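> Dropping a structure here in structure tokens format, bear with me for questions.
Laboratory data are not the source of any read-out in this text; all were calculated from the coordinates shown. Just so we're clear, the structure is a prediction, and the values are computed from it rather than from any experiment. Positions of Cβ are generated from backbone atoms using ideal geometry, with glycine treated the same way; all protein chains shown enter the neighbour counts.
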Amino acid sequence: MKTSTKIKSILIIFFLIIFSVIGARYFIGKHFEKKFSVRPAPGVIVTEAKQSSFYKSVETFGTAIALNSQTFRIKKQDVVGNLNIEGRFVKKGEIIAALQNNEKIVAEFSGKLGKREIAQGVLGSDSLIITLDDLRKILIDIKIPENYVGVLKKGLKAEIYSSAFKKKFTGIVDSVSSRIDPSTRSILARVKVNNTKYEIIPGQLMTVKIIYDESMQIGIPESSVTIQGKKSFVFIVNNETAEKREVKIGKRNFGKISILSGIAEGEKVVSEGISKVRNKSKVKIVREEE
């Protein structure tokens with residue numbers, strides 16, 4: 001009797017321990033499920049979809065030429081009075097230099113003067129050369145490969161750069177040759193550049209980018225687009241909820257990609273943090289980029 005009572009007690013204690021372990025595991029599981037099941041919304045950076053310029057371009061180089069240029073060679077002994085030349089700007093009709101025998105050098109157009117001495121030992125070394133350049137507009141003759149003949153035309157926009165300046169100059173294609181050079185398989189074009197601050201000087205080597213096939217389309221950062229096979233997707237954020245949406249993409253320019261269909265102008269797309277976003281999930285907007 002004592003043995004059976006002892007066995008019963010052991011069995012009761014055993015089952016109590018089993019039920020206690022099961023109950024403890026259940027309530028601990030519920031605790032951690034409640035604690036970790038509700039995850040905080042991931043932080044994302046969004047960008048507003050808006051109209052942007054997209055285009056194609058062809059890049060080449062050329063040498064700067066003054067819009068108008070004139071040179072005068074005079075003898076030093078013929079100059080009357082002081083010769084004020086270098087860096088001087090003159091207007092059309094203004095006297096550049098007075099010479100003996102009542103002769104005068106007169107500016108035929110407005111521009112900037114320069115002076116170049118003739119090296120010693122050269123015939124006529126007692127002379128000097130005066131230059132007059134109209135720098136308000138600069139011309140650049142460029143050569144474009146013949147496969148661009150179909151798009152190259154007068155009036156196209158041009159962007160001009162130089163290693164001497166950390167800035168962009170603007171211009172237009174002023175003229176296009178009617179013939180292709182058979183030796184280089186290229187066509188000659190002339191670009192006219194605004195130079196109102198007289199920064200570009202004749203003889204400078206300039207990089208020229210001709211802009212063509214330009215259009216305004218809805219643009220978003222390339223980082224916003226996810227490619228899956230032949231389809232492209234973005235995440236639109238509305239009321240702090242992300243929506244995965246298929247889009248049709250077009251041209252790419254400077255880190256932006258054009259959207260032909262799928263989103264409307266003004267909608268906010270996720271540009272950073274896409275890997276943490278799921279369709280219909282809540283998100284937290286950390287920052288809105290311009």
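> Show me the chymotrypsin sites (Phe, Trp or Tyr not before Pro) within region 222-290 that DSSP assigns to loop and that have at most 10 other Cβ atoms within 10 Å of their Cβ. Working shown, then result.
Details: sites: 233, 235, 254; in loops: 254.
Hits after loop and neighbour filter: 254.
> Then there's this: If one computes P(r) from the Cα atoms of region 69-135, what percent of pairs lie at distances over 20 Å? Before the final figure, lay out each step's value.
Working: 558 of 2211 pairs.
So the portion of pairs separated by more than 20 Å is 25 percent.
> Ok, one more. Between residue 55 and residue 201, what FRET efficiency comes out of the Förster formula 1/(1 + (r/R0)^6) with R0 = 30 Å and r the beta carbon distance, rounded to 0.05?
Details: r = 29 Å, r/R0 = 0.97.
Calculated transfer efficiency: 0.55.
> Hey, another quick one. Using only Cα atoms, find the angle between the long axis of helix 2-37 and the longest principal axis of the chain, and express it within 0 to 90 degrees, rounded to the nearest 10.
The two axes meet at around 20 degrees.
> Okay, next question. Which percent, to the nearest 5, of DSSP beta bridges fully inside region 123-254 are antiparallel?
Working: 35 of 35 bridges.
Once the DSSP bridges in region 123-254 are tallied, antiparallel ones form about 100 percent.
> Also, I was wondering about something else. Determine, for 25, 245, the number of other Cβ atoms within 10 Å of each Cβ, and report the residues in order from fewest to most.
Details: 25 10, 245 15.
Placing the least packed residue first, the sequence is 25, 245.
> Name the residue farthest towards the positive end of the dipole of the chain from the options 127, 242, 211, assuming +1 on Cβ of Lys and Arg, -1 on Cβ of Asp and Glu, about the Cα centre.
Of the listed residues, the answer is 242.
> Name the trypsin sites (Lys or Arg not before Pro) in region 250-290 that are in a loop by DSSP and that have at most 11 other C-beta atoms within 10 Å, would you?
Numbers: sites: 251, 252, 256, 268, 276, 278, 280, 282, 284, 287; in loops: 278, 280.
Counting only loop positions with at most 11 other Cβ atoms within 10 Å, the trypsin sites (Lys or Arg not before Pro) in region 250-290 are 278, 280.
> Residue 177 versus residue 104, label points 7 Å from Cα toward the beta carbon: distance in nm?
4.2 nm
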